[in-house]
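S.K.: Sharing a structure here in structure tokens format.
The values are calculated or read from the model by the stated rules, or taken from the named source; none is laboratory data. Note that this is a predicted model, so its numbers are computed, not measured. Note that each Cβ is placed from the backbone with ideal geometry, even for glycine, and that neighbours are counted across all protein chains shown. Surface areas here come from the heavy atoms of the whole protein model, side chains and all, with no ligands, DNA or RNA. Shrake-Rupley method; radii C 1.70, N 1.55, O 1.52, S 1.80 Å.
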Amino acid sequence: MSSIESVSHETRVFEPSADWQRSAAIGGMDAYNALCKEAETDFEGFWARLAKENLQFAKDYDKVLDESNPPFYKWFTGGELNVSANCLDKNIAAGLGDKVALIFEADGGEVTKVTYSELLSKVSKIANGLKGLGVKKGDRVVIYMPMSVEGVAAMQACARIGATHSVVFGGFSAKALQDRIQDTGAVAVFTADQQVRGGKQLPLKSIVDEALSLGGCEAVKNVIVYKRTGADVAMQAGRDVYMHALADKQSDVCAPEMVDSEHPLFILYTSGSTGKPKGVQHSSAGYLLWAMLTMKWTFDIKPNDVFWCTADIGWITGHTYITYGPLAVGATQIVFEGVPTYPNAGRFWEMIQRHSATIFYTAPTAIRSLIKACESDQKVHPTSYDLSSLRLMGSVGEPINPEAWMWYHKNVGGEKCPIVDTFWQTETGGHMITPLPGATPLVPGSCTLPLPGIMAAVVDEVGGDLPNGQGGILVVKRPWPSMIRTIWGDADRFKKSYFPEELGGNLYLAGDGAVRDKVSGNFTIMGRIDDVLNVSGHRMGTMEIESSLVANELVAEAAVVGRPDDLTGEAIVAFVVLKGDRPTGEAGQKLAMDLRNWVGKDIGPIAKPKEIRFGDNLPKTRSGKIMRRLLRSLAKGETITQDTSTLENPAILDQLGKPI
Ligand code: PRX
């Protein structure tokens, strides 16, 4: 537990204002405590009440929680509903048809507004188009699209007909895309001719073509192409169809297909500590319930809010807090195609001002890069914009360092907006540990307390409770509605990864270390305890990158570790042993660059190591195990003070200690 001993010494505390306590969905700690108590005393009754208040079932469920086959928990069993109908039809029936659902801003600044009625019509046409192609309930559909109204609509259209979508982030390579198409057995792929980011046009359709040509994707019958830029792309007759050509001719009425509560709404791949990325399978009813509740509790969403989550639909944050949560609660939200630094680093602030955004949810990495950018250019400083519309801000994906928190609070939030530092994961479906803006006293750098109904705890290596103040393993003791159901096609791996026997088999293992404050009980997340890195809020498995490196014909062996980085949180450092001689100087630089590009092409640019070092060997124990903790120290530039007596080849440390 040595890596997670350091404890935050933060003493600044920001109490919720009287206004916030009065107006918030959960106002004051008494209200929070009462909800926690309700969940503790009548767990199923608590969730039943919330489901009744939030979900529209076509057929009522029989049982709130089925625990007969742990850890394969089932929620609201026997119930039937449609997620798209809960997002669109329900709100239109409640009179929100003319309310703006999406304010889409393109990379170049063009703005398109789409009302709930318009969105339903668009979704229905795409859904009918899918049906016309033969896609049906239970089929899998891969979505490899840019941030767009069409991307959100494609996800909703799948939900409407009961097809399970799997969105692949547009930055992933053809190989990564092929893996996911193959693993899901998808029958159709949505893509665009190109994507536009930071003024640049980047390919998408040609990457899909390449992915499909790699083999194993024979189940794919159709590729549906959204015309984003109008670039000339190859269209294979009989397989490829433009989205407008498919959808425009369809009826704008599509009866939603009712599905079982547990029906897989989507599969989303994420990195684990070993092997291939895991296809995290989420449900329909439970997932949607938690997406709605966290919109209400954490974001205190109100009818007049303009909500903006800057994530991409390729990640879980974009699923829950763009495609599903905001729509299900009838909110108006901003969807942004571009990047925070184009045309300049004031883009976020300008957009908040232009659209009078009230709630802003972004990642610490973006905040850190914008802090840096405005240091040298007052014009792009947030205080140069009118951000007075903001009332609440959030952070997600990685720890936010207290200084970045303070900057965000002062310069973006004008010292009046609470910050919700939301801890959660692809697997949890929605927020788990987070402040509530009208209740929880905020502490910079701490995600504070679990949401009501979430039984989070810190335990030791055998699952025993640890006292506050002592660092340990973060677990969740009871199931919750939006939890991962299984790993697609690998139930055994699901069980082993998330409910390991060593912890007793009944605790959900998050994979992070955590410590609770002695007095407040606040949680501070200490980072991953497995071989998963978090680079700019993106999860990367060290094994994945190592496998990619050793797939290169020049490479004999590779070990990848993370190093703290001011901008990206963690940076990837790869130690590589070549089959041939170890290059130095310019030849070394050139080969390092080639290998970085190799990984970029193999997995995607986000997986490129920041630094590569070559050695004649790696530090190994006599039994041949790579001593990663030593590599972590070397990557940081630390002098080795740890015990190296078990090391077979201590001389190697010198060689690996220096950059090329
Ligand atoms: O290590 C934790 C970190 O991100 C991991 C989950 O990554 P992913 O599944 O990609 O989901 C990211 C978006 C929800 C966690 O295991 N993490 C996420 N949020 C925080 C965080 N670490 C500290 N503080 C957070 N608020």
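S.K.: Can you run down the residue pairs with Cβ atoms below 8 Å, 6 or more apart or on separate chains, where the first is in segment 595-620 and within 24 Å of residue 647 (Cα to Cα) and open to solvent by less than 70 Å² (accessible area, probe 1.4 Å) and the partner is of a type in the set (D, E, K, R) and part of a helix (DSSP H, G or I)?
M.R.: Hits for this filter: 612/596.
S.K.: A follow-up question, please. May I ask you to list the residues in segment 531-558 that are within 12 Å of the ligand (Cβ to nearest atom) and within 25 Å of residue 71 (Cα to Cα)?
M.R.: Step one: of segment 531-558, the residues within 12 Å of the ligand (Cβ to nearest atom) are 532-541.
Matches in segment 531-558: 532, 539, 541.
This table checks each residue for (1) open to solvent by 30 Å² or more (accessible area, probe 1.4 Å); (2) within 15 Å of the ligand (Cβ to nearest atom).
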site	(1), (2)
481	no, no
484	no, yes
496	yes, no
510	no, yes
513	no, yes
519	yes, no
529	yes, yes
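S.K.: Among the residues of segment 401-423, write down those that are farther than 20 Å from residue 20 by Cβ and open to solvent by less than 10 Å² (accessible area, probe 1.4 Å).
M.R.: Within segment 401-423, 404 is the sole residue that qualifies.
S.K.: Here's something else I'd like to know. For segment 421-433, which residues satisfy the criterion of being of a type in the set (Val, Ile, Thr) and more than 9 Å from the ligand (Cβ to nearest atom)? Don't jump to the end; show me each part of the working.
M.R.: Let us first name the residues in segment 421-433 that are of a type in the set (Val, Ile, Thr), namely 422, 426, 428, 433.
Those that are of a type in the set (Val, Ile, Thr) and more than 9 Å from the ligand (Cβ to nearest atom): none in segment 421-433.
S.K.: Give the number of residues within segment 115-160 that are touching a helix residue (DSSP H, G or I) at 6+ places or on another chain (Cβ under 8 Å), in a helix (DSSP H, G or I), of a type outside the set (A, V, I, L, M) and closer than 22 Å to residue 311 by Cα.
M.R.: Total meeting the criteria: 4.
S.K.: Identify the single condition in (1) at negative phi; (2) within 13 Å of the ligand (Cβ to nearest atom) that residue 445 does not satisfy, given that it satisfies every other one.
M.R.: Exception for residue 445: condition (1).
S.K.: For segment 498-508, give me each residue that is out of contact with any strand residue (DSSP E or B) (no Cβ under 9 Å at 6 or more places or on another chain), in contact (Cβ under 8 Å) with a residue 60 or more places away in the chain and either within 15 Å of the ligand (Cβ to nearest atom) or not small (Gly, Ala, Ser) (or both).
M.R.: 506 - this is the single residue of segment 498-508 that is out of contact with any strand residue (DSSP E or B) (no Cβ under 9 Å at 6 or more places or on another chain), in contact (Cβ under 8 Å) with a residue 60 or more places away in the chain and either within 15 Å of the ligand (Cβ to nearest atom) or not small (Gly, Ala, Ser) (or both).
S.K.: Can you tell me which residues in segment 161-184 are part of a helix (DSSP H, G or I) and not small (Gly, Ala, Ser)?
M.R.: Looking only at segment 161-184, we keep the residues that are part of a helix (DSSP H, G or I), and these are 161, 174-184.
Answer for segment 161-184, where residues must be part of a helix (DSSP H, G or I) and not small (Gly, Ala, Ser): 161, 175, 177, 178, 179, 180, 181, 182, 183, 184.
S.K.: Name the single residue that is nearest to the ligand (Cβ to nearest atom) among those in segment 251-272 being buried (at least 17 other Cβ atoms within 10 Å of the Cβ) and small (Gly, Ala, Ser).
M.R.: Step by step, filter segment 251-272, then rank; the result is 271.
S.K.: Still on this model: Of all residues in segment 406-462, which are part of a strand (DSSP E or B), among the small types (Gly, Ala, Ser) and either under 20 Å from residue 359 (Cα atoms) or touching a residue at least 60 places away in the same chain (Cβ under 8 Å) (or both)?
M.R.: Passing the criteria: only 456.
S.K.: For segment 277-317, which positions are β-branched (Val, Ile, Thr), away from the ligand (no atom under 13 Å from the Cβ) and closer than 28 Å to residue 61 by Cα?
M.R.: 301 - this is the single residue of segment 277-317 that is β-branched (Val, Ile, Thr), away from the ligand (no atom under 13 Å from the Cβ) and closer than 28 Å to residue 61 by Cα.
S.K.: Grab the strands (runs of 3 or more DSSP E) fully contained in segment 192-249, keeping just those with 3 or more residues being open to solvent by less than 50 Å² (accessible area, probe 1.4 Å).
M.R.: 194-197, 222-226, 240-242
S.K.: Go over the candidates 220, 196, 241 one by one and state the one that is modelled with pLDDT of 95 or more and either basic (Lys, Arg) or under 14 Å from residue 147 (Cα atoms) (or both). First the steps, then the outcome.
M.R.: On the way: 220 fails: either basic (Lys, Arg) or under 14 Å from residue 147 (Cα atoms) (or both); 241 fails: either basic (Lys, Arg) or under 14 Å from residue 147 (Cα atoms) (or both).
Unique residue meeting the criteria: 196.
S.K.: Take the conditions in a loop (DSSP other than H, G, I, E, B), surrounded by fewer than 24 Cβ atoms within 10 Å (Cβ to Cβ) and more than 10 Å from the ligand (Cβ to nearest atom) and apply them to residue 489. Does it pass? Let's see the steps before the verdict.
M.R.: Numbers: in a loop (DSSP other than H, G, I, E, B): yes; surrounded by fewer than 24 Cβ atoms within 10 Å (Cβ to Cβ): yes; more than 10 Å from the ligand (Cβ to nearest atom): yes.
Yes; evaluated as a whole, the condition is true for this residue.
S.K.: Looking at segment 623-644, is at least one residue part of a helix (DSSP H, G or I) and small (Gly, Ala, Ser)? Break it down into steps so the answer makes sense when it comes.
M.R.: Pass one, segment 623-644, residues part of a helix (DSSP H, G or I): 628-636.
So of that shortlist, the ones also small (Gly, Ala, Ser) come out as 633, 635.
Among the residues of segment 623-644, at least one is part of a helix (DSSP H, G or I) and small (Gly, Ala, Ser), which makes the answer yes.
S.K.: Pick from segment 353-404 the residues that are among the hydrophobic types (A, V, I, L, M, F, W, C), part of a loop (DSSP other than H, G, I, E, B) and within 16 Å of the ligand (Cβ to nearest atom): which of them is farthest from residue 524 (Cα to Cα)?
M.R.: We begin by selecting, within segment 353-404, every residue among the hydrophobic types (A, V, I, L, M, F, W, C); these are 357, 359-360, 363, 366-367, 370-371, 373-374, 380, 387, 390, 392-393, 396, 400, 404.
Restricting the remaining residues to those that are part of a loop (DSSP other than H, G, I, E, B) gives 357, 363, 387, 390, 400.
Keeping just the survivors that are within 16 Å of the ligand (Cβ to nearest atom) gives 363, 400.
On the way: 363: 17, 400: 11 Å.
So the residue we want is 363.
S.K.: In the set 438, 464, which member is surrounded by fewer than 21 Cβ atoms within 10 Å (Cβ to Cβ), more than 10 Å from the ligand (Cβ to nearest atom) and not basic (Lys, Arg)?
M.R.: Numbers: 438 fails: surrounded by fewer than 21 Cβ atoms within 10 Å (Cβ to Cβ).
The match here is 464.
S.K.: All but one of (1) touching a Pro at 6+ places or on another chain (Cβ under 8 Å); (2) under 15 Å from residue 366 (Cα atoms) hold for residue 420; state the number of the condition that does not hold.
M.R.: It is condition (2) that residue 420 fails.
S.K.: Specify which of the listed residues (624, 588) is out of contact with any Phe, Trp or Tyr (no Cβ under 7 Å at 6 or more places or on another chain) and either over 16 Å from residue 557 (Cβ atoms) or modelled with pLDDT under 90 (or both). I'd like the intermediate steps shown before the answer.
M.R.: Values: 588 fails: out of contact with any Phe, Trp or Tyr (no Cβ under 7 Å at 6 or more places or on another chain).
That would be 624, the only listed residue that is out of contact with any Phe, Trp or Tyr (no Cβ under 7 Å at 6 or more places or on another chain) and either over 16 Å from residue 557 (Cβ atoms) or modelled with pLDDT under 90 (or both).
S.K.: Check whether at least one residue in segment 377-393 is over 21 Å from residue 301 (Cβ atoms) and under 25 Å from the mean Cα position of the chain (by Cα), and report yes or no. Break it down stepwise before answering.
M.R.: Going residue by residue through segment 377-393, those that are over 21 Å from residue 301 (Cβ atoms) are 377-386.
Cutting the leftovers down to under 25 Å from the mean Cα position of the chain (by Cα) gives us none.
Within segment 377-393, not a single residue is over 21 Å from residue 301 (Cβ atoms) and under 25 Å from the mean Cα position of the chain (by Cα).
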